[in-house]
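Everything below concerns the one structure shown next.
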Amino acid sequence: MLHIEDLWVEVQGKEVLKGINLHIGKGETHCLFGRNGSGKTTLLMTIMGFSGYKVKHGKITFKGVDITHLPINERAKMGIGISFQRPPTLRGVKLKDLLKICGDGHGTGRKLAVAYGFENFLERDVNLGFSGGEIKKSELLQLLTQNPDLTLLDEPESGVDMENLNVIGDMIRKLLQKDIHRGREKSGLIITHTGFILNYVTADKGHVMLNGQIYCEGNPVEIFQGIQKYGYQECIKCMQCTV
Amino acid sequence: MALNEKELLEQFIPASEVESVKSLDELDEEEIRKLKETGIQPDESGRTGSFIQTNCSVVQCDCNIPGIELLPVTDALKKYDWLEEYWWKLVPKEKDPFTEETGRHLDNGYFIRAKAGEKVVYPLQTCLYIRNDKVAQRVHNVIIAEEDSELHVITGCATHPHLTSGLHIGISEFYVKKGAKLIFTMVHNWGENVYVRPRTGIEVEEGGVFMSNYISLKGVKSIQTYPTATLKGKGALARFNSVVVAPEGAQLDLGSKVILDAPNTRAEIISRTVSNGGTIIARGHLVGKARGAKAHLECQGMILSERGVIHAIPELEAHLDDVDMSHEAAVGKIAQEEIEYLMARGLSEDEAVATIVRGFLDVKIEGLPPELEAEIQRAVEECQHGM
């Protein structure tokens with residue numbers, strides 16, 4: 001599904017990603033752990049193609065197509081979707097309008113909004129006065145309407161209370177077809193800081209990102225437990241071992 | 001070089017010296033379409049009454065509700081001696097060369113009176129239309145909403161689709177009596193070389209409500225307007241909404257002023273402006289002169305072209321401590337982050353910009369006809385071109 005080869009990325013003249021290699025297969029969910037500032041969000045933003053994330057070297061391939069320099073909307077149309085950690089407020093643009101943009105024009109967004117108890121937000125300006133949890137729900141609702149093949153989630157659990165974590169978890173499971181065990185087609189890359197989301201969504205692989213590089217591909221739960229127990233310090237040591 | 005006011009006046013032929021049509025039937029299809037885009041329903045559907053003046057002649061003036069009186073203002077002046085009490089009272093005749101000109105040579109205008117207690121659901125439409133080249137149209141309008149009445153007026157001002165140049169001077173004096181409500185929606189749809197000089201005064205008595213919606217999205221040479229409302233009775237309210245797009249070459253000097261001159265009066269001025277290369281001066285002035293006055297001013301401007309200029313001038317003036325006045329002004333280009341957010345949902349860059357601008361200009365306006373709403377949408381989309 002997604003293949004990243006020796007990716008080097010600069011943000012505002014500063015080298016942030018330094019030779020990333022990552023492969024996410026069809027139907028796989030990967031988790032990306034790492035300290036603040038390690039480059040996790042930069043990786044997601046670069047996969048989506050946002051300006052300000054300058055690819056200096058390397059290649060991103062999606063469904064066999066080199067997308068390294070494609071515009072954002074082309075990537076979205078090919079099947080990449082992203083949930084933002086802090087999306088901008090769009091004054092005068094109603095959530096229902098945005099869901100129409102995401103969807104196929106058959107009212108999918110509205111149906112989903114009703115299903116997740118979010119119909120009261122349809123007439124509201126996108127993200128205006130939304131709480132942390134509401135922003136996450138709104139983002140996931142847009143993604144569910146968009147129905148991407150590869151979903152990029154940037155800390156989907158941050159700012160969400162316990163009660164809503166269940167709903168957020170449900171929505172992510174649906175996005176990633178966690179109810180299908182054979183022939184699953186949807187893939188995901190989830191950034192998580194706290195690891196909480198692993199209680200709600202299973203992942204196939206985990207990676208640790210440090211200083212713009214990815215280390216430790218392995219079982220996500222084991223990696224996360226290791227980080228909890230020994231901290232990222234241990235990862236650095238481990239990484240030094242392998243080098 | 002910019003012309004001074006007197007030179008400007010001398011350039012044009014008085015509307016009274018130009019032949020005009022006698023009925024709407026004489027207008028061609030293109031003209032009718034333009035009037036529709038300006039908010040006018042030539043068949044009067046959904047309207048309680050209609051006043052249409054082309055150049056200096058009134059081609060339509062009828063109203064089917066007995067509680068509402070609609071007349072050409074020259075007829076009203078002959079009919080009612082008391083109208084003198086409302087004539088040049090809110091706008092001084094000597095204010096500037098344009099008011100002086102209209103004071104000397106009047107080409108008519110409308111007089112609307114909602115009698116006490118009369119509440120009208122559907123709007124009344126008025127239209128001031130310049131049909132011939134180089135014509136100066138000079139009108140003077142009076143609206144009186146008597147006690148506890150309720151009235152919605154839609155005014156469409158336009159010029160012939162192929163007009164090379166023109167000048168419109170419109171004096172308007174609106175009186176909102178005790179407990180009355182007047183919603184006044186004005187749509188400007190001029191031509192590229194047209195000068196527009198409205199001069200408007202409003203007076204609102206106790207518990208009265210005045211709401212103004214102003215829309216100008218099309219090419220025009222120069223508009224200068226600064227309606228001033230005085231809230232002279234307890235609890236009176238005024239609200240001004242403006243939605244303005246300045247295409248290349250347009251010089252728009254717009255604003256509103258509200259004087260809160262009685263206890264517990266409230267006012268709100270909201271303007272959303274977009275420059276596509278034209279210059280916009282967005283003014284707003286709130287004057288708090290009585291206890292418990294509460295007012296807010298909001299100027300938001302968006303520049304979509306390198307050549308565009310938006311100059312927001314919000315003013316707050318408090319004359320005592322017990323007033324609550326605030327303002328908010330922001331001018332700039334669209335945030336890249338917002339464009340890319342929408343692109344990540346599948347929109348192209350142009351579509352994303354259009355969506356954001358449409359949202360930006362989406363100030364809630366009560367009672368707009370569907371043609372006008374469609375026209376606003378279309379104009380907003382049009383204003384993306386040449387970016």
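The values are calculated or read from the model by the stated rules, or taken from the named source; none is laboratory data. Just so we're clear, the structure is a prediction, and the values are computed from it rather than from any experiment. Virtual Cβ from ideal backbone geometry, glycine too; neighbours counted across all protein chains shown.
Could you please find all residues in the range B:288-310 being acidic (Asp, Glu) and over 30 Å from B:ASN264 (Cα atoms)? Before the answer, list the steps.
Restricting attention to the range B:288-310, the residues satisfying the condition of being acidic (Asp, Glu) are B:298, B:306.
Selection gives B:GLU306 alone.
With the condition being at pLDDT 90 or above and of a type in the set (Asp, Glu), I'd like the helices (runs of 4 or more DSSP H) fully within the range B:269-387 carrying at least 1 qualifying residues. Before you say what the answer is, go through the steps one by one.
Values: elements: B:336-343, B:349-360, B:370-382.
Where helices (runs of 4 or more DSSP H) fall fully within the range B:269-387 and carry at least 1 residues being at pLDDT 90 or above and of a type in the set (Asp, Glu), they are B:336-343, B:349-360.
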Just a yes or no: is a residue in the range A:88-98 under 19 Å from the mean Cα position of the chain (by Cα) and surrounded by fewer than 22 Cβ atoms within 10 Å (Cβ to Cβ)? yes
Inside the range B:186-195, the number of residues satisfying the requirement of being outside any strand (DSSP E or B), crowded, with 23+ Cβ neighbours inside 10 Å and either in contact with a helix residue (DSSP H, G or I) (Cβ under 9 Å, 6 or more places away or on another chain) or touching a residue at least 40 places away in the same chain (Cβ under 8 Å) (or both) is 0
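If you check B:GLN60, B:GLN11, which single one turns out to be farther than 23 Å from B:LEU217 by Cα, surrounded by 17 or more Cβ atoms within 10 Å (Cβ to Cβ) and assigned by TED's automatic domain parsing to the domain that holds B:LEU106?
On the way: B:GLN11 fails: surrounded by 17 or more Cβ atoms within 10 Å (Cβ to Cβ).
Result of the check over B:GLN60, B:GLN11: B:GLN60.
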If you go through the range B:43-62, how many residues are touching a residue at least 24 places away in the same chain (Cβ under 8 Å) and either more than 27 Å from B:GLU19 (Cβ to Cβ) or of a type in the set (Phe, Trp, Tyr) (or both)? 4
All positions within the range A:125-146 that are free of Cβ contacts under 8 Å to residues at least 40 places away in the same chain, within 12 Å of chain B (Cβ to nearest Cβ) and either of a type in the set (S, T, N, Q) or surrounded by fewer than 24 Cβ atoms within 10 Å (Cβ to Cβ) (or both): A:ASP125, A:LEU128
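Is it true that B:ILE52 is within 21 Å of the chain's Cα centre (by Cα) and surrounded by fewer than 18 Cβ atoms within 10 Å (Cβ to Cβ)?
Details: within 21 Å of the chain's Cα centre (by Cα): yes; surrounded by fewer than 18 Cβ atoms within 10 Å (Cβ to Cβ): no.
Answer is no for this residue.
Could you go through the range B:273-286 and let me know if any residue there is surrounded by fewer than 22 Cβ atoms within 10 Å (Cβ to Cβ), hydroxyl-bearing (Ser, Thr, Tyr), in contact (Cβ under 8 Å) with a residue 60 or more places away in the chain and assigned by TED's automatic domain parsing to the domain that holds B:GLY235.
Step one: of the range B:273-286, the residues surrounded by fewer than 22 Cβ atoms within 10 Å (Cβ to Cβ) are B:277, B:279, B:281, B:283, B:285.
Imposing the further condition that a residue be hydroxyl-bearing (Ser, Thr, Tyr) reduces the set to B:279.
Next, from what is left, pick out any that are in contact (Cβ under 8 Å) with a residue 60 or more places away in the chain: none.
No, there is no match, as no residue in the range B:273-286 is surrounded by fewer than 22 Cβ atoms within 10 Å (Cβ to Cβ), hydroxyl-bearing (Ser, Thr, Tyr), in contact (Cβ under 8 Å) with a residue 60 or more places away in the chain and assigned by TED's automatic domain parsing to the domain that holds B:GLY235.
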Just a yes or no: is a residue in the range B:63-78 surrounded by 16 or more Cβ atoms within 10 Å (Cβ to Cβ), at pLDDT below 85 and either in a helix (DSSP H, G or I) or among the aliphatic types (A, V, I, L, M) (or both)? no
If a residue counts only when it is assigned by TED's automatic domain parsing to the domain that holds B:THR38 and closer than 29 Å to B:LYS119 by Cβ, which strands (runs of 3 or more DSSP E) contained entirely in the range B:196-255 have at least 2 such residues? B:209-216, B:228-231, B:237-246
Which numbered condition in (1) over 21 Å from the mean Cα position of the chain (by Cα); (2) more than 19 Å from A:VAL93 (Cα to Cα) is the only one that B:SER348 fails? (2)
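For the range B:231-267: of the residues being under 15 Å from B:ILE313 (Cα atoms) and not polar (S, T, N, Q), which is surrounded by the fewest Cβ atoms within 10 Å (Cβ to Cβ)?
Of all residues in the range B:231-267, those under 15 Å from B:ILE313 (Cα atoms) come to B:242, B:252-258.
Filter again for not polar (S, T, N, Q), leaving B:252-255, B:257-258.
Values: B:LEU252: 26, B:ASP253: 16, B:LEU254: 22, B:GLY255: 24, B:LYS257: 21, B:VAL258: 31.
Checked the range B:231-267; the qualifying residue surrounded by the fewest Cβ atoms within 10 Å (Cβ to Cβ) is B:ASP253.
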Looking across the range A:1-29 at residues that are touching a Leu at 6+ places or on another chain (Cβ under 8 Å) and of a type in the set (S, T, N, Q), the single one that is surrounded by the fewest Cβ atoms within 10 Å (Cβ to Cβ) is A:ASN21
From the residues in the range A:37-50 that are at pLDDT below 95 and not in a helix (DSSP H, G or I), which one is farthest from the other protein chains (Cβ to nearest Cβ)? A:SER38
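Does the range A:82-94 include one or more residues that are under 26 Å from A:ASN211 (Cα atoms) and either more than 14 Å from chain B (Cβ to nearest Cβ) or outside any loop (DSSP other than H, G, I, E, B) (or both)?
Going residue by residue through the range A:82-94, those that are under 26 Å from A:ASN211 (Cα atoms) are A:82-87.
Subsequent filtering for residues that are either more than 14 Å from chain B (Cβ to nearest Cβ) or outside any loop (DSSP other than H, G, I, E, B) (or both) retains A:82-83.
The answer is yes, given that some residue of the range A:82-94 is under 26 Å from A:ASN211 (Cα atoms) and either more than 14 Å from chain B (Cβ to nearest Cβ) or outside any loop (DSSP other than H, G, I, E, B) (or both).
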Filter result for B:ALA318 (touching a helix residue (DSSP H, G or I) at 6+ places or on another chain (Cβ under 9 Å) and either without any contact (Cβ under 8 Å) to a residue 24 or more places away in the chain or surrounded by fewer than 19 Cβ atoms within 10 Å (Cβ to Cβ) (or both)): no
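Among the residues of the range B:1-45, which ones are assigned to a helix (DSSP H, G or I) and of a type in the set (A, V, I, L, M)?
Let us first name the residues in the range B:1-45 that are assigned to a helix (DSSP H, G or I), namely B:5-10, B:15-17, B:24-26, B:29-37.
Result: B:LEU8, B:LEU9, B:ALA15, B:LEU24, B:ILE32, B:LEU35.
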Which ones in the range B:46-62 are closer than 20 Å to B:MET186 by Cα and not in a loop (DSSP other than H, G, I, E, B)? B:GLY49, B:SER50, B:PHE51, B:ILE52, B:GLN53, B:THR54, B:VAL58, B:VAL59, B:GLN60, B:CYS61, B:ASP62
Restricting to the range B:20-42, name every residue that is over 25 Å from B:LEU217 (Cβ atoms) and either without any contact (Cβ under 8 Å) to a residue 40 or more places away in the chain or under 24 Å from the mean Cα position of the chain (by Cα) (or both). B:LYS22, B:SER23, B:ASP25, B:GLU26
Looking at the range A:51-81 only, could you name the residues that are within 14 Å of another protein chain (Cβ to nearest Cβ) and either of a type in the set (A, V, I, L, M) or more than 17 Å from the chain's Cα centre (by Cα) (or both)? A:SER51, A:GLY52, A:ILE67, A:LEU70, A:PRO71, A:ILE72, A:GLU74, A:ALA76, A:MET78, A:ILE80
